[in-house]
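**Student:** I have a structure here, written as C-alpha cells, and I will follow up with some questions on it.
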Amino acid sequence: MPEGRPTAIRGRTVRVLIRRLRSGAERREPDELVVEEPMEIRLDDHLVTTTMRTPGHDYELAAGFLFTDGHLAGAPVRRVRYCATGPAASTEFNLVTVETGGRAPVPRPRLTSTTSSCGLCGSASLDDLRDRLDPLPAPVPIEPGVLAGVPDRARAAQGLFQTTGAAHAAMAFTTEGDPVVLREDVGRHNAVDKVVGHLLLAGRLPARDLGLFVSGRASFEIVQKAWAAGFAAVVAVSAPTSLAVEAARAAGLTLVGFAREDSLNTYAPA
C-alpha cells in the first residue's frame, strides 16, 4: 500500500497586493492567486516528466498520471513518496516517485515538460489508444437529468475556484449524481489525474459505476484518461472537441457537454 498520502503540504494560494478598478475608482487591496509550481514525476526512480501543477494531492497526481498515460502497464503501485534521493524538503516537495518494485516497464521520458494545460500535447493518437485500450463494457446507465445536475453539485465544492477564479475541477460521481471525490488544480488534466489517482490508490478502478465531471471543455486527453480509468460517462460544462467525440464513441463511453441544470448535449454514444 502507498505510504503517507498527504493532502496538502503547502498552501495552494498566495496573497498579493493589486490595484483594483471598480466604477472608475482605483484602490489597492489584497487578492488571492492560485499557486502553480513544477513537480517532477518518477517511476521506480526513472524520470517520466515534469508537470506544472497546484500543490496538494501530489501522490494522487503522480499515480493518476502514470496510470492514465499507460506507464504502469498493469503493475500495482507499491509505494508513493517524495524525493527518493534525500529529504523531501530539499526539493521543496516538488519531486514524487511512484514505486512498483520494478514491475512497470522502464518509461521513456518526455522530451519537454508537461504544462498545466497541455495534456498529451499531441503525443498520442486515437489509433494509439485503440492499440492500448479495449472498448469499455456496456456502461452503467446514468439518467440524463442526473448528468445535467452534476455541475451544480460540483460547484459547491470548488473552494479553490471560488477563492481565485483560476482553478479547474474534476469530480467522480455515482449514478445518482452524488460526489465521490473532487479535486482542483490549475491544470484540468491534473485535476482529472488527481481524481483517477485517488481511485487507483483506494482500489476503486476500473470506475465502471462512476461518472467523471470536468469544469472545462472535454478534450481528447480528458476522454483518454476517462477511458483508461473505465468511467461510464464524462460530463463537461463546455464543448467537446471532434477527436474527443470520436474517442468516446470508440471507447463506448457516454460523453455530454454544455451540462446546465436541466439541459445538456449528448455526443456519445451516437
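Quick note: the coordinates plus some simple rules give every number you see, no bench work behind them. Source: prediction; values computed, not measured. When we count neighbours, we look across all protein chains shown, and the Cβ atoms used for this are built from the backbone with ideal geometry, even at glycine.
**Student:** For the pair residue 166 and residue 242, how long in nm is the line joining their label points, each one 7 Å along Cα→Cβ?
**Tutor:** Going by the 7 Å Cα→Cβ label model, 3.4 nm.
**Student:** Under the rule that an exposed site lies in a DSSP loop and has at most 14 other Cβ atoms within 10 Å, name the longest stretch of the chain with no GluC sites (Glu not before Pro) of that kind, not counting the sites themselves.
**Tutor:** On the way: sites that count: 3, 176, 261.
Segment 4-175 is the longest.
**Student:** Something else about it: Fewest Cβ neighbours within 10 Å first, please rank 46, 189 accordingly.
**Tutor:** Values: 46 14, 189 30.
Least crowded to most crowded, the residues run 46, 189.
**Student:** How large is the convex hull of the C-alpha atoms of the chain per residue, in Å³?
**Tutor:** Taking the convex hull of the Cα positions in the chain, it is 138 Å³ per residue.
**Student:** Further, regarding this structure: In the stretch 136-174, which residues have a backbone nitrogen under 17 Å from the label point lying 7 Å from residue 29's Cα in the Cα-to-Cβ direction?
**Tutor:** Only 162-165 pass the distance filter.
**Student:** With the contact rule set at Cα under 8 Å and sequence spacing of 6 or more, what percent relative contact order holds for the chain? Spell out each step's value before the answer.
**Tutor:** Working: 613 pairs, mean separation 47.3, N = 270.
Value for the chain: 18 percent.
**Student:** Show the residues, 5+ positions off or on another chain, whose built amide H is closer than 5 Å to the amide H of residue 180.
**Tutor:** 172, 173, 174
**Student:** Quick one: net charge around residue 74, please, counting Lys, Arg +1 and Asp, Glu -1 for every other residue with C-beta under 14 Å from its C-beta. If you can, show how the numbers build up before the last one.
**Tutor:** Working: positive: 78, 103, 132; negative: 69, 134.
Residues near residue 74 contribute +1 overall.
**Student:** What's the extension gain from residue 13 to residue 178 if we count 0.36 nm per residue and subtract their Cα-Cα distance?
**Tutor:** On the way: separation 165, 0.36 × 165 = 59.40 nm, distance 2.76 nm.
Length gained between residue 13 and residue 178: 56.6 nm.
**Student:** Taking R0 as 25 Å, what's the FRET efficiency between residue 73 and residue 130 from their Cβ-Cβ distance, rounded to 0.05?
**Tutor:** Working: r = 17 Å, r/R0 = 0.66.
E(calc), rounded to 0.05, equals 0.90.
**Student:** Please say if the stretch 144-268 is rounded, prolate or oblate, where rounded means a/c under 1.5 for a ≥ b ≥ c the square roots of the C-alpha gyration tensor eigenvalues, and otherwise the choice is prolate for a/b larger than b/c and oblate otherwise? Please report the intermediate quantities before stating the final value.
**Tutor:** Details: a/c = 1.31, a/b = 1.11, b/c = 1.18.
Here the stretch 144-268 falls in the rounded category.
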